[in-house]
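First the structure, in the form of structure tokens, and then the observations on it.
The values are calculated or read from the model by the stated rules, or taken from the named source; none is laboratory data. As the structure is a computational prediction, the values presented were derived from the model and not from experiment. No Cβ is skipped: glycine too gets one built from the backbone with ideal geometry, and neighbour counts run over all protein chains shown.
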């Protein structure tokens, strides 16, 4: 997947999350409590396990703020193999760009033939052009389930972390600002500013994230900030050296 395609997918992901979440009131009392006996598939296999995990690490760490950090790390650790494969696929796509550009130029008047020849190149080199979207698609249900686990866990709604009530938006707007700033840094670090098509994302994404986090419970905004920081560190320590090594070869 070309870089701007990847960031467009991120944009769509955030827009979808915003559509799903901003239409919901941030008042925890508006949500049904978790019913373990009559739980459906969604609650039984996603929401309840995440809620229990948050409770367990809260008992271990003494605070839900730290519990959210630990669970965020575990979630990102689980999807790391997908992120690793995404980066490998991105590098492979970059190597194939010269061939793909030749095909596009050669068959610019025959889109069907262009598509066939392009897919043939992908198949011959064992590259899946849609693999870059997989981590995003995996994170979406996890984030929504995490949102519900926070909103429907009455213990979190009644808890505090630093100056915040975790069941309510940050009254000082520090978390929305951190979410926006870390999103901007993440985009810069991962190369959004290097491509003309993605430069606009450097500003649109942080503004959108700030607007969403403005109405999020502080617990969910914490998850967003933690996740951004984890992605930045992951990219700087692992993926950026991997790309540099690939360019040298």
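Some observations on this one:
- Here 187, 220, 236 are screened, and the one residue that is in contact (Cβ under 8 Å) with a residue 40 or more places away in the chain, closer than 27 Å to residue 51 by Cβ and touching a helix residue (DSSP H, G or I) at 6+ places or on another chain (Cβ under 9 Å) is 220.
- Number of positions in segment 166-176 that are surrounded by fewer than 17 Cβ atoms within 10 Å (Cβ to Cβ) and either under 22 Å from residue 56 (Cα atoms) or in contact with a helix residue (DSSP H, G or I) (Cβ under 8 Å, 6 or more places away or on another chain) (or both): 2
- Restricting attention to segment 202-240, the residues that are crowded, with 20+ Cβ neighbours inside 10 Å, part of a helix (DSSP H, G or I), more than 15 Å from the chain's Cα centre (by Cα) and at pLDDT below 85 total 2.
- Residue 104 vs. criteria touching a residue at least 40 places away in the same chain (Cβ under 8 Å) and touching a helix residue (DSSP H, G or I) at 6+ places or on another chain (Cβ under 9 Å): no
- Within segment 96-120, considering residues that are at pLDDT 80 or above, crowded, with 16+ Cβ neighbours inside 10 Å and within 30 Å of the chain's Cα centre (by Cα), the one farthest from residue 44 (Cα to Cα): 100
- Flag for residue 171 being under 30 Å from residue 34 (Cα atoms), modelled with pLDDT of 85 or more and assigned to a loop (DSSP other than H, G, I, E, B): yes
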